[in-house]
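First up is the structure itself, then whatever we jot down about it.
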Amino acid sequence: MSDAGSPDGQHITAAEVARWIRDFGAAVSEHKQELTELDKAIGDGDHGINMDRGMTAVVAALDAAEPDGVPALARSVAMTLISKVGGASGPLYGTLFLQFGSAAGSEPLTPLGWAGCLEAGLAGVRARGKAEPGDKTMVDALIPATEALRGALDGGASFAGALAQAADAAEEGARATIPLVARKGRASYLGERSAGHQDPGATSSALLVRCAALAWSD
């Protein structure tokens, strides 16, 4: 990936990506109870607990030996989440990071390249979970986030500014799941009773994007 089309010629390092992952781990820990309460309403009631266990293991693995390069780093995160997080969240978040890393390649990552990695992660999640917009899943936060990020960067915004717009879009997308009737996952078993509750996966995905915005803030 080259600087062509990059708003500011910025190079994103693996160390910066690792900081974002660590920040997400801290955010999941902070919001563990909120995520669990959301999941109690429409799921198994363990999303916050599972994600916190997984991200704690991710950070411990990074502390032990932080991989060199974004692809190796993202793969390490993915494999840890898949092995440590129960239910659907482990495979879905694992797929997101696995595809993120695969799209990074070996060259320096630019803002547009980072956006492409997140888009690849989203595509992996959609393929793995067979989820479409409006199904009341994590993609309802990730789709508006990727669209806002790409649109802002194409419009010449800084990486920090584009990520801030992406985070706002993700949070709006998560809130927009409240009136939806779930069509995928455990929540779909509730039918109409799933309406009126915010999706926990969309909520944790919005946290992921907000942590990116904070990690690369101006």
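The figures follow:
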{"quantity": "Average projected area [Cα convex hull, region 36-116], square nanometres", "calculated": "5.8"}
{"quantity": "Space enclosed by the convex hull of the alpha-carbon atoms of the chain, per residue, Å³", "calculated": "95"}
{"quantity": "Over the chain, relative contact order from alpha-carbon pairs under 8 Å, at least 6 apart, %", "calculated": "23"}
{"quantity": "Helix 70-84 axis, angle to the chain major axis (alpha carbon atoms, nearest 10°)", "calculated": "20"}
{"quantity": "Under-5 Å amide H pairs with L109, H placed in peptide plane, nonlocal only", "calculated": "I12"}
{"quantity": "Acute angle (nearest 10 degrees) that the helix 32-42 long axis makes with the longest principal axis of the chain, alpha-carbon atoms", "calculated": "50"}
{"quantity": "Leading residue at positive end of dipole, the chain (Cβ point charges), from A213, Q99, Q10", "calculated": "Q99"}
{"quantity": "Accessible surface of E192 - all protein chains present, 1.4 Å probe, nearest 10 Å²", "calculated": "140"}
{"quantity": "Inter-label distance for R19 and A195, nm, one decimal - labels placed 7 Å from Cα along Cα-to-Cβ", "calculated": "4.5"}
{"quantity": "Neighbour cut-off at most 16 other Cβ (10 Å), DSSP loop, GluC sites (Glu not before Pro), region 30-76", "calculated": "none"}
{"quantity": "Helix axis angle, 47-64 relative to the chain longest principal axis, alpha carbon, degrees", "calculated": "30"}
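The values are calculated or read from the model by the stated rules, or taken from the named source; none is laboratory data. None of the values given here were measured: they were computed from a predicted structure. Cβ atoms come from the backbone with ideal geometry, glycine included; neighbour counts cover every protein chain shown. Areas reflect the complete protein model, heavy atoms only, side chains present, ligands, DNA and RNA absent. Shrake-Rupley method; radii C 1.70, N 1.55, O 1.52, S 1.80 Å.
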